[in-house]
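The values are calculated or read from the model by the stated rules, or taken from the named source; none is laboratory data. Computed from a prediction, not measured in an experiment: that's the story for all the values here. Virtual Cβ from ideal backbone geometry, glycine too; neighbours counted across all protein chains shown.
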Amino acid sequence: MVTVREQIADVGFVRPVGIPAGVEVMSLAELRERAAVRMGRAGLGPPQRPAFHHLITLSGGALWHTVDFTGYALKPGSWLWVRPGQVQQWGDLDGAEGTLVLFERDFVDPGTAAAARVDDPYAPVLHVPDPEGGQALDLAVRHLTHEFRSTRGIALEAHVAVLRHLLAVLVLRLAQPAAPVGSPAPEPGETFVHFRDAVERDFTRTRRLDDYAHALGYPPRTLSRATLAGAGVNAKEFIDRRVFLEAKRLLAHGDQSASRIAAQLGFTSATNFSKYFQQRTGQAPIAFRETVRGRTG
């Protein structure tokens, strides 16, 4: 069976010549220059769905960045973590100064990936550290940037190992509970985590709460109570939101027809999908695509 993700033309990581595989560090000024060469006045263009991680932090100015159709206002000292599979759209870079770190998931070791929740699609996007945490993150990204640009006097294998360790420091610092905006949320309950993971795996196959309850061995009411405590919505709404998010991602990023997307998401017809989508947005699917791609940030 071909999954939704396999049919999406993701933006893959491309290693520039002479740069170690798996990671790249650049200033936003360098990003602006690249965007001008590749896209002209269009900047970074339409929504993208990269297959690698983006860490963005500002040292000056401001930046509006959209991740999965939610806009985030970055200011100096704040951080944005965009994970593989999420759809992002860059705002105007002209007034922003800072650093962009790109890395592939396999560049960090398994222990770091687990501790930093690298693969968690529900981890926070925006991070605003306290002063002490901000200083630690600033030091970490400065050190990573310095080592990334310093290739003389060190073997390539050692250089890659140093970068891997320094990136581990950065992502572990960024993943600390004090980093997300607002009061730290309590750890989600075990029942909700099982349900959440099952939805992430099977939402294109079924939107029926009873199917998840049967597969997990919980009564539907138990799943709804756990999901209400963990996500603030009932279980059926949680499933629908995940399906709806994927629909928006596919519409924004690709050029597939509404009927093709409907089939990928498990709808019996394009008509049913269009009704489902329009009830939530007030727009037909293709109209939503045109609106998103016309957004400038």
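Tabulated values for the structure
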{"item": "Cβ-Cβ under 7 Å pairs, at least 6 apart or on other chains, the stretch 117-134 side on the phi > 0 side of the Ramachandran plot, far side outside any helix (DSSP H, G or I)", "result": "ARG117/ALA123; ARG117/ALA175"}
{"item": "Meets criteria (over 25 Å from the mean Cα position of the chain (by Cα) and under 13 Å from GLY77 (Cα atoms)) for GLU157", "result": "no"}
{"item": "Restricting the stretch 144-161 to residues that are part of a helix (DSSP H, G or I) and free of Cβ contacts under 8 Å to residues at least 24 places away in the same chain, the residue that is nearest to SER59 (Cα to Cα)", "result": "HIS146"}
{"item": "The stretch 258-297, residues that are in contact with a Pro (Cβ under 9 Å, 6 or more places away or on another chain) and among the hydroxyl-bearing types (Ser, Thr, Tyr)", "result": "SER274"}
{"item": "Among the residues listed as LEU223, LEU216, LEU166, the single one being modelled with pLDDT of 95 or more, assigned by TED's automatic domain parsing to the domain that holds ASP119 and over 20 Å from the mean Cα position of the chain (by Cα)", "result": "LEU166"}
{"item": "Residue match in the stretch 266-288 (condition: under 20 Å from the mean Cα position of the chain (by Cα), surrounded by 14 or more Cβ atoms within 10 Å (Cβ to Cβ) and closer than 18 Å to GLN88 by Cβ)", "result": "no"}
{"item": "The stretch 246-263 residues that are surrounded by fewer than 16 Cβ atoms within 10 Å (Cβ to Cβ), paired with ones that are assigned to a helix (DSSP H, G or I) and of a type in the set (A, V, I, L, M, F, W, C) (beta carbon under 6 Å, 6 or more apart)", "result": "SER259/ALA270"}
{"item": "Residue check for THR99: touching a residue at least 12 places away in the same chain (Cβ under 8 Å), among the β-branched types (Val, Ile, Thr) and either over 25 Å from LEU166 (Cβ atoms) or touching a Lys or Arg at 6+ places or on another chain (Cβ under 7 Å) (or both)", "result": "no"}
{"item": "Hey, PRO131 at pLDDT 90 or above and farther than 30 Å from THR222 by Cα or not", "result": "yes"}
{"item": "Tally, over the stretch 98-131, of residues that are part of a helix (DSSP H, G or I), out of contact with any helix residue (DSSP H, G or I) (no Cβ under 8 Å at 6 or more places or on another chain) and over 18 Å from PRO76 (Cβ atoms)", "result": "4"}
{"item": "1 or more residues within 25 Å of ARG49 (Cβ to Cβ): qualifying helices (runs of 4 or more DSSP H) within the stretch 186-297", "result": "190-202, 220-231, 235-253, 258-264, 270-281, 285-293"}
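Let's see how each residue does on (1) under 18 Å from THR57 (Cβ atoms); (2) surrounded by 18 or more Cβ atoms within 10 Å (Cβ to Cβ); (3) not assigned by TED's automatic domain parsing to the domain that holds ARG249:
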position: ALA73; (1), (2), (3): yes, no, yes
position: ASP92; (1), (2), (3): yes, no, yes
position: PHE103; (1), (2), (3): yes, yes, yes
position: PRO110; (1), (2), (3): no, no, yes
